[in-house]
Amino acid sequence: MSTPRLTIDPAFVVGPVRRRTFGSFVEHLGRCVYTGIHDPGHPTADEDGFRGDVVELVKELGISTVRYPGGNFVSGYRWEDGIGPVEDRPRRLDLAWHSTEPNTVGLDEFMVWAAKAGVEPMMAINLGTRGVHEAMDVLEYTNIAGGTMLSDLRRANGAEEPYRVSMWCLGNEMDGPWQTGHKTPEEYGRLAAETARAMRQIQPDLELVACGSSSSSMATFGTWEHTVLTETYDLVDLISAHAYYCEGDSDLGSFLASAVDMDHFIDSVAATADAVRAAGKHTKRINISFDEWNVWDQARVESYIPSPTGDDWPVAPSLLEDHYTVADAVVVGNLLISLLRHTDRVHSASQAQLVNVIAPIMTEPGGRAWKQTIFHPFALTSRHAKGDVLQVVLESPTYETTRFGEVPLLDAVATFDAESGELTVFAVNRSQEEALPLAIDLRDGAYELVEAVTYSSDDHAWQASADDDTSVLPVANTTATVDGATVTATLPAVSWSMFRLARG
Ligand code: AHR
């Protein structure tokens, strides 16, 4: 086998690295909000009840935007339940997660937390059980400066200045039969168009996201996007995509190649949007908000945390608390590679979710916050992907998978910051058996190696826990060397790596 080769030239630009690629998601689900970001009794809690240790980890993770308040939760949510004096707020059944929502945290509290965490809020509105009117109301409350009933109510509730939220999701996963108020593409497309039109009458420059498919395996995938965009094209800016991956009952080789599916998903949605553009003689392009993505093994989670049923409607139960392996982290790193290489069409993305619920950050009630394995590739990619994403050429051996056929063993992307001269390569080795050499050909030469790190373990099933989240950490890859315009390194089996280079 000849040495796998990655050829990089800073002249071949795909598009800018978008900070919004590094978004996340906070849903009223399980312990994401309550005992996750908000835990007034916790030793690190601030005057508003927000955990300081979690805010610090959110900053370390490098989160840009946070989508809120759902998710499936939003499709039955009444936003006005969560404003005003906390003691007057109603407790409600949350049908999506068979829980009781106490409404202790609502829109104003979330905005306070977002400011503390230094993230941009991305709001989702309820188009499941609600419609145009309620969307107008929540927008007025959130973004109008004052002088109207709802904007003055916000001021009376303590927020003098409008929040000026730019990105709004028009509902959530409306293609899914599990969704409260699930709709056909025709029904949803019409409602989304009417809602978008009214919202734009209030504020023309909003960035609106229409619901796309909740996975590429939905029977309606493709026709859903086509119908919805035909109805909404001139009224929205983005269409959403959601994807969760797990080994499940397939094979590890297919799971490790999950980014192949994400690539296909993004390319298909972009092609569908462009087909609607051509047919409708539109000029603008619709881009993609990949606003839910992650590894999520539902069967694994249910085996240790069964969901509530029957008369049991708990407040903030432990739900979807997936414990991630090293292999999961490699897949997450690879999914970020996929998102970055599509930076021309993926203009926003949110890993689902942020804390406790299929999350990189976990909290012990009253105790410590800790990092899951998937924390590491996310934090390093967010910190070091800068400037422009480059189109790279990768020559890699392949392997056979049951889900995707023949796929490359290696995958990679590079970013280049012309201002600082910093070039960063992110790469994965999907092989379960062998370490692979990689030669990075820098063509225009003269780089020094600043840092080479790899995340892997001989035991790729290792999971972090509250007692041990440090046994497997990203470590220096000591095999990396530079010789002229070529960097060579060995990538261990089932690994994610980052190489930082500086123009000499
Ligand atoms: O992120 C968990 C859930 O997954 C979200 O609520 C929903 O939108 C998706 O099905």
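The values are calculated or read from the model by the stated rules, or taken from the named source; none is laboratory data. In this text the structure is predicted, and so the values were computed from the model without any measurement. Because the Cβ atoms are built from the backbone with ideal geometry, glycine has one as well, and the counts that use them run over all protein chains shown. With ligands, DNA and RNA removed, areas are computed over all heavy atoms of the protein, side chains included. Shrake-Rupley method; radii C 1.70, N 1.55, O 1.52, S 1.80 Å.
Can you tell which of 250, 289, 268 is of a type in the set (Ser, Thr, Tyr), open to solvent by less than 50 Å² (accessible area, probe 1.4 Å), more than 16 Å from the ligand (Cβ to nearest atom) and touching a residue at least 60 places away in the same chain (Cβ under 8 Å)? Break it down stepwise before answering.
On the way: 289 fails: more than 16 Å from the ligand (Cβ to nearest atom); 268 fails: touching a residue at least 60 places away in the same chain (Cβ under 8 Å).
Residue meeting the stated conditions: 250.
What are the residues in region 468-483 that are surrounded by 10 or more Cβ atoms within 10 Å (Cβ to Cβ) and outside any strand (DSSP E or B), if any? Please lay out each step first, then the result.
Initially, region 468-483 is screened for residues surrounded by 10 or more Cβ atoms within 10 Å (Cβ to Cβ), giving 468-469, 471-482.
Correct list: 468, 469, 471, 472, 473, 474, 477, 478, 479, 480.
Determine whether residue 238 is touching a helix residue (DSSP H, G or I) at 6+ places or on another chain (Cβ under 8 Å) and among the aliphatic types (A, V, I, L, M).
On the way: touching a helix residue (DSSP H, G or I) at 6+ places or on another chain (Cβ under 8 Å): no; among the aliphatic types (A, V, I, L, M): yes.
When the stated conditions are applied, residue 238 does not pass them.
Inside region 261-297, can you point out the residues that are outside any helix (DSSP H, G or I), more than 19 Å from residue 124 (Cβ to Cβ) and among the β-branched types (Val, Ile, Thr)?
Once the filter is applied, which keeps residues that are outside any helix (DSSP H, G or I), more than 19 Å from residue 124 (Cβ to Cβ) and among the β-branched types (Val, Ile, Thr), region 261-297 yields 283, 295.
Take the residues of region 18-67 that are buried (at least 24 other Cβ atoms within 10 Å of the Cβ), of a type in the set (Gly, Ala, Ser) and not in a loop (DSSP other than H, G, I, E, B): which is farthest from the ligand (Cβ to nearest atom)?
23
If I ask for residues that are β-branched (Val, Ile, Thr) and in contact with a His (Cβ under 6 Å, 6 or more places away or on another chain), which ones from region 219-265 would you list? Walk me through how you get there before you give the answer.
Going through region 219-265, the residues β-branched (Val, Ile, Thr) turn out to be 220, 223, 227-228, 230, 232, 236, 239, 260.
Residues satisfying the conditions do not exist here.
When both residues are 6+ apart or on different chains and their Cβ atoms are under 9 Å apart, which pairs have a first residue that lies in region 155-182 and is aromatic (Phe, Trp, Tyr), and a second that is assigned to a loop (DSSP other than H, G, I, E, B) and away from the ligand (no atom under 11 Å from the Cβ)?
The qualifying pairs are 168/206.
When you go through 357, 332 one by one, which is the residue that is touching a Pro at 6+ places or on another chain (Cβ under 6 Å) and of a type outside the set (Asp, Glu)? Quick ask: steps written out before the conclusion?
Numbers: 357 fails: touching a Pro at 6+ places or on another chain (Cβ under 6 Å).
The match here is 332.
When you look at residue 299, is it at pLDDT 95 or above, within 16 Å of the ligand (Cβ to nearest atom) and touching a Gly at 6+ places or on another chain (Cβ under 8 Å), yes or no?
Values: at pLDDT 95 or above: no; within 16 Å of the ligand (Cβ to nearest atom): yes; touching a Gly at 6+ places or on another chain (Cβ under 8 Å): yes.
Considered against the rule, which asks whether it is at pLDDT 95 or above, within 16 Å of the ligand (Cβ to nearest atom) and touching a Gly at 6+ places or on another chain (Cβ under 8 Å), residue 299 comes out as no.
Residue 310 passes all but one of (1) in contact with a Ser or Thr (Cβ under 7 Å, 6 or more places away or on another chain); (2) open to solvent by 30 Å² or more (accessible area, probe 1.4 Å); which number fails?
Among (1) in contact with a Ser or Thr (Cβ under 7 Å, 6 or more places away or on another chain); (2) open to solvent by 30 Å² or more (accessible area, probe 1.4 Å), residue 310 violates only (1).
So, in region 180-196, exactly how many residues are polar (S, T, N, Q) and out of contact with any Gly (no Cβ under 6 Å at 6 or more places or on another chain)? Walk me through it before giving the result.
We begin by selecting, within region 180-196, every residue polar (S, T, N, Q); these are 180, 184, 195.
Those still in the list that are out of contact with any Gly (no Cβ under 6 Å at 6 or more places or on another chain) too: 184, 195.
Adding up the residues that qualify gives 2.
Conditions first: (1) more than 16 Å from the ligand (Cβ to nearest atom); (2) buried (at least 22 other Cβ atoms within 10 Å of the Cβ). Residue 209 passes all but one, so which condition is the exception?
Tallying (1) more than 16 Å from the ligand (Cβ to nearest atom); (2) buried (at least 22 other Cβ atoms within 10 Å of the Cβ), residue 209 fails exactly one: (1).
When region 337-355 is examined, which residues are found to be within 12 Å of the ligand (Cβ to nearest atom) and part of a loop (DSSP other than H, G, I, E, B)?
Across region 337-355, the qualifying residues are 352, 353, 354.
Does residue 239 satisfy the criteria of being within 16 Å of the ligand (Cβ to nearest atom), β-branched (Val, Ile, Thr) and in contact with a strand residue (DSSP E or B) (Cβ under 7 Å, 6 or more places away or on another chain)?
On the way: within 16 Å of the ligand (Cβ to nearest atom): yes; β-branched (Val, Ile, Thr): yes; in contact with a strand residue (DSSP E or B) (Cβ under 7 Å, 6 or more places away or on another chain): yes.
Criteria met by residue 239.
Among (1) open to solvent by 10 Å² or more (accessible area, probe 1.4 Å); (2) within 16 Å of the ligand (Cβ to nearest atom), which single condition is residue 169 missing?
Residue 169 satisfies every listed condition except (1).
Looking for something under 25 Å from the mean Cα position of the chain (by Cα) and either open to solvent by 10 Å² or more (accessible area, probe 1.4 Å) or under 20 Å from residue 238 (Cβ atoms) (or both) - is there at least one such residue anywhere in region 144-158? Before you say what the answer is, go through the steps one by one.
Initially, region 144-158 is screened for residues under 25 Å from the mean Cα position of the chain (by Cα), giving none.
No; the residues of region 144-158 include none that is under 25 Å from the mean Cα position of the chain (by Cα) and either open to solvent by 10 Å² or more (accessible area, probe 1.4 Å) or under 20 Å from residue 238 (Cβ atoms) (or both).
Where the second residue is away from the ligand (no atom under 16 Å from the Cβ) and open to solvent by 30 Å² or more (accessible area, probe 1.4 Å) and the first is closer than 27 Å to residue 360 by Cβ and of a type outside the set (Phe, Trp, Tyr) and lies in region 60-87, which pairs have Cβ atoms under 7 Å and are six or more apart or on separate chains?
Close Cβ pairs (under 7 Å, with a partner that is away from the ligand (no atom under 16 Å from the Cβ) and open to solvent by 30 Å² or more (accessible area, probe 1.4 Å)) amount to 62/383; 64/19; 64/20; 64/120; 65/20; 65/120.
For region 397-429, how many residues are out of contact with any Pro (no Cβ under 8 Å at 6 or more places or on another chain) and part of a loop (DSSP other than H, G, I, E, B)?
Qualifying residue count, region 397-429: 6.
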